Every structure is written in structure tokens, then in C-alpha cells.
Amino acid sequence: MNRDNDVIRAVGYVTIQASHLEGVIEEIAEWLGAAVQRPQHHETARISEKIKWCKSAIRQLNSAELTNLVRSLDKAENLFIKRNELVHGRIYFDDELPEILVPTKAGKREKYIAAPELYDLAESIYNLHIRILSENSFKLVAALSKVIEA
């Protein structure tokens with residue numbers, strides 16, 4: 001990812017990387033759905049609900065192999081909170097002042113934002129996406145095969 005000082009481009013990278021992470025979480029939910037019944041219309045649920053359900057399904061599988069996946073889903077939850085604050089907030093620009101993010105949630109404070117911190121968020125999301133795939137794919141298949149074959 002080419003870093004620059006463009007907040008708009010950085011927001012775009014955050015959004016793109018988050019969509020890929022959402023896709024991986026949906027795939028995990030689909031795989032888990034082979035062993036644990038998913039709620040009706042779950043594929044259109046908010047990502048926070050999918051993560052919550054995935055963690056519950058993993059607990060039902062009672063597989064120690066999937067402990068890291070639960071931790072990764074916890075991290076994903078936190079990253080999506082940051083993404084949501086960014087994309088659902090309002091960003092104000094001024095030629096002579098830094099960009100300001102005004103949150104839409106009550107009780108949250110406005111803050112200055114800069115492209116580097118947004119690129120860091122995008123890279124954190126990307127790295128988690130890759131970690132979930134590389135560290136957990138085979139473990140998930142192994143855990144599911146034990147339950148499905150039983």
C-alpha cells in the first residue's frame with residue numbers, strides 16, 4: 001500500500017481492507033455452519049453479530065485448536081469498532097488545520113486524524129485477515145471434520 005498524507009485515500013484503504021476481513025469472517029461462519037446451525041438470514045447480519053456467533057459456535061465445537069481463532073475474532077471486533085468510528089463519523093477538512101473526525105456516537109470526543117494512523121489501521125486489518133487465513137484454515141477444517149464425521 002502506497003502511503004501518503006491523503007486522509008481520503010487512507011480511509012479508502014481502511015474500507016477496502018475491512019471488506020476483505022468481513023469476507024473471511026463470513027467464510028468462517030459458512031464453515032462453522034456445517035457443524036452448528038446458523039440463525040436464519042445470518043449472512044446479512046452485521047459483522048459484530050457474525051463475530052459473536054462464530055465465537056459461540058467455536059465454543060460449541062470445544063476444540064482447543066481454535067483458541068487462536070477466537071483471539072483473532074476478538075481483535076477483528078476491536079478493529080471493526082475503529083473502522084466504524086471512522087466511516088460513520090464525519091471528517092472535516094480545512095486547508096490550514098488538521099483533519100477532524102467528529103463521531104456520531106454520543107459521548108465520544110472529536111479528534112484530529114492523520115493519514116499515517118489510518119494507514120496503520122488498514123495494515124492492521126490486512127495483517128489480521130492474512131493471519132486468520134494462514135493460522136486457522138487447516139485447524140478449522142480439522143476441528144469441523146471431527147464433529148461432522150462423528
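FYI, it's all coordinate maths here, none of it is from the lab. Everything numeric here is computed off the predicted structure, so don't read it as measured data. Glycine gets a Cβ as well: all are built from the backbone with ideal geometry, and neighbour counts include every protein chain shown.
Rounded to the nearest 10 degrees, the inclination of helix 7-32 to the longest alpha-carbon principal axis of the chain is 10 degrees. Here are some values of Kirkwood radius over Cα pairs in Å: (1) 15.9; (2) 15.3; (3) 16.8. Which one was computed from this structure? Among (1) 15.9; (2) 15.3; (3) 16.8, the one calculated here is (3). Here the Gaussian network model covers the chain, with springs between Cα atoms less than 10 Å apart; of Tyr92, Tyr13, Tyr126, Tyr92 fluctuates the most. Residues of region 112-150 with amide nitrogen under 14 Å from the 7 Å Cα-to-Cβ point of Gln60? Only 144, 147-148 pass the distance filter. Close lysine pairs were tallied over the chain: pairs 8 or more places apart or on different chains with Cα atoms under 30 Å apart number 29. Just want the answer: with Cβ charges of +1 for Lys and Arg and -1 for Asp and Glu, which residue in Val141, Asn127, Pro116 is farthest toward the dipole's positive end in the chain? Checked the options; the winner is Val141. Candidates Leu61, Pro98, Val87 compared by Cα position along the dipole of region 32-119: farthest toward the positive end lies Leu61, with charges placed on Cβ. Spatially, region 8-49 and region 108-124 are offset by 22 Å when compared through their Cα centroids. Working from Cα positions, state the angle (0 to 90°, nearest 10) between the long axis of helix 47-61 and the longest principal axis of the chain. For 47-61 against the chain, the angle is about 30 degrees.
Shown here for region 1-70: trypsin sites (Lys or Arg not before Pro) in loop regions (DSSP other than H, G, I, E, B) with at most 12 other Cβ atoms within 10 Å, namely Arg46. Against the chain, whose longest principal axis is taken from its Cα atoms, helix 115-149 shows a tilt of about 10°. Amide H contacts for Ile113 (H built 1.01 Å from N in the peptide plane; partners 5 or more residues away or on another chain; cut-off under 5 Å): Glu99, Ile100, Leu101. When the square roots of the Cα gyration tensor eigenvalues are ordered a ≥ b ≥ c, the ratio a/c for region 95-150 is 1.5 or more and a/b does not exceed b/c, which makes its shape oblate. When Lys and Arg each count +1 and Asp and Glu each count -1, what net charge do the other residues less than 13 Å away from Gly89, Cβ to Cβ, add up to? Net of charged neighbours comes to +4.
Estimated from helices alone, the mean residue ellipticity of the chain at 222 nm is -23000 deg cm²/dmol (sum of -39500 (n - 2.57) over DSSP H runs with n ≥ 4, per residue).
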